[in-house]
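Below you'll find the structure, written out as structure tokens, and then a few comments.
The values are calculated or read from the model by the stated rules, or taken from the named source; none is laboratory data. These numbers come from a predicted model, not from an experiment. When we count neighbours, we look across all protein chains shown, and the Cβ atoms used for this are built from the backbone with ideal geometry, even at glycine. Ligands, DNA and RNA are excluded from the accessible area calculation, which covers all protein heavy atoms including side chains. Shrake-Rupley method; radii C 1.70, N 1.55, O 1.52, S 1.80 Å.
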Amino acid sequence: MAMERTLVLVKPDAIQRGLIGEIVGRFERKGLKLVGMKMMSLDGAILREHYAHLADKPFFGSLSAFMQSNPVIAMCWEGLECVDAVRLLCGITKARAAESGSIRGDLAMSVSCNVVHASDSVENAQAEVKRFFKADEIYDYQKSEYVHVYAEDELI
Ligand code: DAT
Ligand code: MG
């Protein structure tokens, strides 16, 4: 078991729909620790890196345009094995088929306008946090709540 950090983006559709607080609140209530957060506009260069695995797809152009249509909120969340935990909280890509209770399952209907991005592996999470945050934009601090969120042996 390990403390991990993962990247979450609140996507342009969620910004327009006034869902920032709702989405941030879900990660907070889960017991995760927010260690970085900022609003930013994405450009084509960062999106080509971020979505490199989709570069050949026919929807890449519209995906890139959508992600540049207004700013996003970038967040770095920390927690025990939190890369997988955050993916579960978000639900599957096709929001209208995502499990009820998940962020996408509760808040969205679309494949492309699916309100959040979350890193899909520990390796990608490390690369994505670096891509979106400078080292001094990530904050180390104690979260007193941890003693209630985790058992002692989980915090070693
Ligand atoms: P996820 O965001 O669940 O990790 P992904 O990495 O496969 O999914 O794709 C990244 C984003 O690209 C996804 O959130 C929305 C968009 N996308 C994926 N598949 C798509 C499709 N078939 N049509 C339109 N947009 C798609
Ligand atoms: Mg992905």
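Summary of computed values
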read-out: Residue 80 long-range amide H proximity, modeled H, under 5 Å; value: 4
read-out: The chain, relative contact order [Cα under 8 Å, separation at least 6], %; value: 35 percent
read-out: Accessible area in square angstrom per residue, the chain, 1.4 angstrom probe; value: 55 Å²
read-out: Low-density loop positions, GluC sites (Glu not before Pro), the range 48-101 - DSSP coil, at most 11 other Cβ in 10 Å; value: 99
read-out: Set of aspartates and glutamates near residue 134 by C-alpha distance (under 19 Å), chain-local residues within fewer than 8 positions excluded; value: 4, 43, 49, 78, 123
read-out: Rounded percent of accessible protein surface that carbon and sulfur make up, the range 8-49, 1.4 Å probe; value: 48 percent
read-out: Whole-number percent relative contact order across the range 83-122, with pairs defined as alpha carbons under 8 Å at least 6 apart; value: 41 percent
read-out: Relative contact order (%) - the range 83-153, alpha-carbon pairs under 8 angstrom, separation at least six; value: 23 percent
read-out: Those lysines that a straight Cα-Cα span of less than 22 Å connects to residue 30, excepting residues fewer than 8 apart in one chain; value: 11, 38, 143
